[in-house]
Amino acid sequence: MEKSDKIDISIIIPIYNGNKWIDKCFESIITQTAIKHNLKLELSIFNDSSTDDTNTILEKWKTKFINNGFHYTVNMHSNTSPSGVGYAKNVAVRKSKGKFLCFQDIDDQMLPERIWEQYNAAKSKPDTIIGCQFRREPPNSTERYTRWANNLSQDKLNVQIYTSHGPTVIMPTWFFARDIFERVGGFSEEGRGTPEDLIFFYKHIDSGGKICRIDKCLLIYTYHLEATTFTISSERIWEIRLEQLQKKFLPSCVDGFTIWNGGKQGRRFMKHLSNELRSKVKSLCDVDVNKIGKEYEMFCPIRREVVCRVPIQHFKESTPPFVICVKLDLTDGAFEENLSSLNLQEGTDYVLFS
């Protein structure tokens, strides 16, 4: 490729049966203000065995994008069944040439400044995944999740990484240097049901990478029941989060730790710890007077005996570090007020696993 044809940014788009979304998505890309700043943009698309007329629609858009200065590449395979989002993203990235990668789901829409804003942030943060705020459509869908993702403070983006919400900047907003993709080694290709974004997110952090969010709404994030997210098992996500927590945070708790939740979720968490880490549990803590002062007895059905006994205490009588198995934003602020009263440092004195 000649120097004059050098690609600045590759927009990475995996598609499976995306015919109803393509026109709105592509209209949002072709109106990006980054074009006016003489950036060379490329669409790198992987059609993952679509059975609708996705490929016909992609062909119709080809001329329009080329006439607007874009490089435009569509790849596909001959498989009769899809290989999964991770595979599709990997192929689209490897067939692209941009120095920076902008990930776009076909059922979402970029707002006009997205690429320009994220490109300028990424230039000075080569080791960082850049996200952004978003607007959910329909407006009242996933309100708690949207509030968390849009308002999590910048200093917590690299710390609050173990919750059930997943990555602290959502995958459809990711923008980063190609070097990050190469360092991580691409996305998991385990196929349907795999949270490839969460796995990539943890590998990025493990390799010293950072997370940043532009505090502007730059994406319309569509909620619908056909979304890929509904094919991902919550159990699989839980296992990946637990593995990461056991690998990264809990080994540093040399003097033990407290599980904040004397109920179902706290007990589930304790049951799934390794034997070594379970032995470090000092107590479970709670606010429920029906639990406080009692013991949690963990019964082993194979050995048919109690293998562990742990006291359940009031949270004010317990000592950090805490693994908090209580969901945020569900108690009208009562839990958050209790946590704040202890004046603890997140990431050091406690982590959220909820």
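The values are calculated or read from the model by the stated rules, or taken from the named source; none is laboratory data. These figures come from a predicted structure and were not determined experimentally. Quick reminder, even Gly has a Cβ in these numbers, built from the backbone with ideal geometry, and neighbours come from all protein chains shown.
Filter segment 51-76 down to the residues that are more than 19 Å from Ile115 (Cα to Cα) and either in contact with a Gly (Cβ under 7 Å, 6 or more places away or on another chain) or part of a strand (DSSP E or B) (or both) and list them by number. Scanning segment 51-76 gives Thr54, Val74, Asn75, Met76. For Leu219, the test of being in the same structural domain as Thr173 (by TED's automatic domain parsing), surrounded by 13 or more Cβ atoms within 10 Å (Cβ to Cβ) and in a strand (DSSP E or B) is passed.
Taking every residue in segment 326-354 that is at pLDDT below 95 and charged (D, E, K, R) and pairing it with any residue that is surrounded by fewer than 16 Cβ atoms within 10 Å (Cβ to Cβ) and in a loop (DSSP other than H, G, I, E, B), at least 6 positions away or on another chain, the pairs with Cβ-Cβ distances below 8 Å are Lys327/Ser164. Go through segment 222-240 and report how many residues are in a loop (DSSP other than H, G, I, E, B) and closer than 25 Å to Lys327 by Cβ. Summing the residues that are in a loop (DSSP other than H, G, I, E, B) and closer than 25 Å to Lys327 by Cβ in segment 222-240 gives 6. For Ser207, are the conditions met, namely being over 15 Å from the mean Cα position of the chain (by Cα), farther than 15 Å from Cys132 by Cα and modelled with pLDDT of 95 or more? Spelling it out, Ser207 is indeed over 15 Å from the mean Cα position of the chain (by Cα), farther than 15 Å from Cys132 by Cα and modelled with pLDDT of 95 or more. If you check every pair at least six apart or on different chains, which have Cβ atoms under 8 Å apart with a residue in segment 108-122 that is assigned by TED's automatic domain parsing to the domain that holds Ile12 and in contact (Cβ under 8 Å) with a residue 12 or more places away in the chain first and a residue that is of a type in the set (Val, Ile, Thr) and in a loop (DSSP other than H, G, I, E, B) second? Qualifying pairs under 8 Å: Pro112/Thr31. One residue is enough: does segment 30-46 have a residue meeting the conditions more than 23 Å from Asp197 (Cβ to Cβ), hydroxyl-bearing (Ser, Thr, Tyr) and touching a residue at least 40 places away in the same chain (Cβ under 8 Å)? The answer is yes; a qualifying residue exists. Can you tell me how many residues in segment 203-216 are crowded, with 21+ Cβ neighbours inside 10 Å and either farther than 23 Å from Trp116 by Cα or not assigned by TED's automatic domain parsing to the domain that holds Phe103 (or both)? Summing the residues that are crowded, with 21+ Cβ neighbours inside 10 Å and either farther than 23 Å from Trp116 by Cα or not assigned by TED's automatic domain parsing to the domain that holds Phe103 (or both) in segment 203-216 gives 1. Looking across Ile292, Ile259, one residue alone is closer than 21 Å to Val159 by Cβ and among the β-branched types (Val, Ile, Thr). It is Ile259. Going through (1) hydrophobic (A, V, I, L, M, F, W, C); (2) modelled with pLDDT of 95 or more; (3) within 31 Å of the chain's Cα centre (by Cα) one by one, Ile292 falls short only on (3). Given the structure, is Leu330 surrounded by 14 or more Cβ atoms within 10 Å (Cβ to Cβ) and not assigned by TED's automatic domain parsing to the domain that holds Thr142? Criteria not met by Leu330.
Of the numbered criteria (1) under 24 Å from Gly185 (Cβ atoms); (2) surrounded by fewer than 20 Cβ atoms within 10 Å (Cβ to Cβ); (3) not basic (Lys, Arg), the one Ala88 fails is (2). Within segment 17-32, being under 19 Å from Glu226 (Cα atoms), at pLDDT 95 or above and crowded, with 20+ Cβ neighbours inside 10 Å holds for Trp21, Ile22, Cys25.
Specify which of the listed residues (Arg147, Arg183, Arg135) is within 18 Å of Glu113 (Cα to Cα) and of a type in the set (Lys, Arg).
Values: Arg147 fails: within 18 Å of Glu113 (Cα to Cα); Arg183 fails: within 18 Å of Glu113 (Cα to Cα).
Of Arg147, Arg183, Arg135, the one residue that is within 18 Å of Glu113 (Cα to Cα) and of a type in the set (Lys, Arg) is Arg135.
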